[in-house]
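Reviewing the structure listed below.
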Amino acid sequence: MTVLFRDFSGPRISPRGSVVCIGAFDGLHLGHRHLLAEARRFADAGNLDLVVVSFEPLPREFFGRANPPPRLIRARQKFRALRDAGADAVGLLRFNQALADTSAEAFITELLVQRLNAHRVMVGPDFFFGKSRRGNLDMLRDLGAVHGFEAQGVQPQIQQDERISSSLIRADLQTGRLTEAAQKLGHPYVIEGRVVRGKQLGRTLGYPTANIRLQGRKPALMGIYATWIHGVGNGPIAGVSSLGTRPTVNGREPLLEAHLFDFDGDLYGKHLQVEFVRKLRDEEKFDDLPALVHQMDRDAAQAREVLACRTLGECA
């Protein structure tokens, strides 16, 4: 069982010693997975625990509260992905002002040495930590020699002459390059969450939707998409999904609305995964509801065509 911990201080997590990976791990892309696989290999060889340390909220979100960067993956989804990647313990540390003010030296001695009993610390390129971002790989190596752990920087993964990064994946998603994003992630892009009750406007328009709130996180993509919806029955169900603020009905909060083709059932409370296949168009405001329904008919027909050709392997 993978242990989840949220606090910087506390009892020792790994009495037998650990290999520690630290990072944002937003999206768990192929670069992250390479780092985790290397760390798992060292942990197995030394009979050590693999401990992954990340943050919630992410430091960028904490310092940029007025305009936070888009998120690729939710905290729960990230924990499950790290668990499935072989982590024995996952730290989603509460990033607040106290943690932001923690010195790099205290981060090393109190967290890595005392709490995690680190034997090896592995980080990605350009990793900085501690107050004013004073900590780096050189400091980890210097203080590691004092405290008895090794520090290692893992080289980035390169794809088509570009370093795989969460920033590049966000750019791909924002510009509708879903295939390119999937290549960097190692799988199609998915947003998951629990279905909540909405105003049921879609049902009155002939397009009932499963609504998933983003819990205040800024999405990495917006618009209308052909999608596969997972979590209902034995296989994915084709659908068309909207992710946006619903300007025609004066919505404000971003909401993911998934319409499942040829499905009639109660989805409230179910945990669904919405897989984004192709962007159909940007969200727009229509003059009235009949104009909106006319466009929804066109979107649904286009999404069916896209997903049918993907299923048959006949897409251009």
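Things worth noting here:
- Highest GNM mean-square fluctuation among E61, E150, E305, for the chain modelled with Cα contacts below 10 Å: E305.
- Local electrostatic count at H230 - Lys and Arg +1, Asp and Glu -1, tallied over other residues with Cβ under 13 Å: -1
- ³J(HN,Hα) computed for each position of region 228-236 - Karplus, 6.51 cos²θ - 1.76 cosθ + 1.60, integer Hz, glycine/proline x: 9, 10, 9, x, 10, x, 8, x, x
- Amide H contacts under 5 Å for A151, placed H, 5+ residues apart: V121
- Placed amide H near F261: partners under 5 Å, 5+ positions off or other chain: A238, G239, V240
- Overall dimensions of region 179-218, expressed as equivalent-ellipsoid semi-axes from the Cα gyration tensor (√(5λ), whole Å, largest first), are 28, 14, 8.
- Shape call, region 83-217: gyration tensor on alpha carbons, a/c limit 1.5: prolate
- Neighbour counting of Cβ atoms within 10 Å sorts the residues S9, S242, S18, fewest neighbours leading, into S9, S242, S18.
- Amide proton proximity set for S103, modelled H, under 5 Å, gap of 5+: K131
- Between P125, P156, P70, the residue with the greatest mean-square fluctuation in the GNM of the chain (Cα pairs under 10 Å linked by springs) is P125.
- Springs between Cα atoms under 10 Å define the GNM used for the chain, and in it the highest mean-square fluctuation of P11, P57, P68 occurs at P11.
- J(HN,Hα) series, region 161-167, from Karplus relation 6.51 cos²θ - 1.76 cosθ + 1.60, nearest Hz, glycine and proline x: 6, 10, 6, 5, 8, 4, 4
- Value of relative contact order over region 188-312, rounded to a whole percent, pairs C-alpha under 8 Å and six or more apart: 32
- Annotation: region 3-159 has a Kirkwood hydrodynamic radius of 15.6 angstrom, from the mean reciprocal C-alpha pair distance.
- Region 65-119: C-alpha gyration tensor shape, a/c 1.5 cut-off, then a/b vs b/c: oblate
- For region 127-134, 3J(HN,Hα) per residue [Karplus equation, 6.51 cos²θ - 1.76 cosθ + 1.60, θ = phi - 60°, Hz, x = Gly/Pro]: 8, 10, 7, x, 4, 6, 6, 6
- Mean Cα-pair separation over length for the chain, i.e. relative contact order, pairs under 8 Å, 6 or more apart, %: 16
- Three-way shape label, region 188-312, alpha-carbon gyration tensor, a/c 1.5: rounded
- Between the helical axis of 75-84 and the longest alpha-carbon principal axis of the chain there is an angle of about 60 degrees.
Only the coordinates and a few stated rules stand behind these numbers; no lab work does. These numbers were taken from a predicted model, which means no experiment stands behind them. Please note: Cβ atoms are built from the backbone with ideal geometry, for glycine as well, and neighbour counts cover all protein chains shown.
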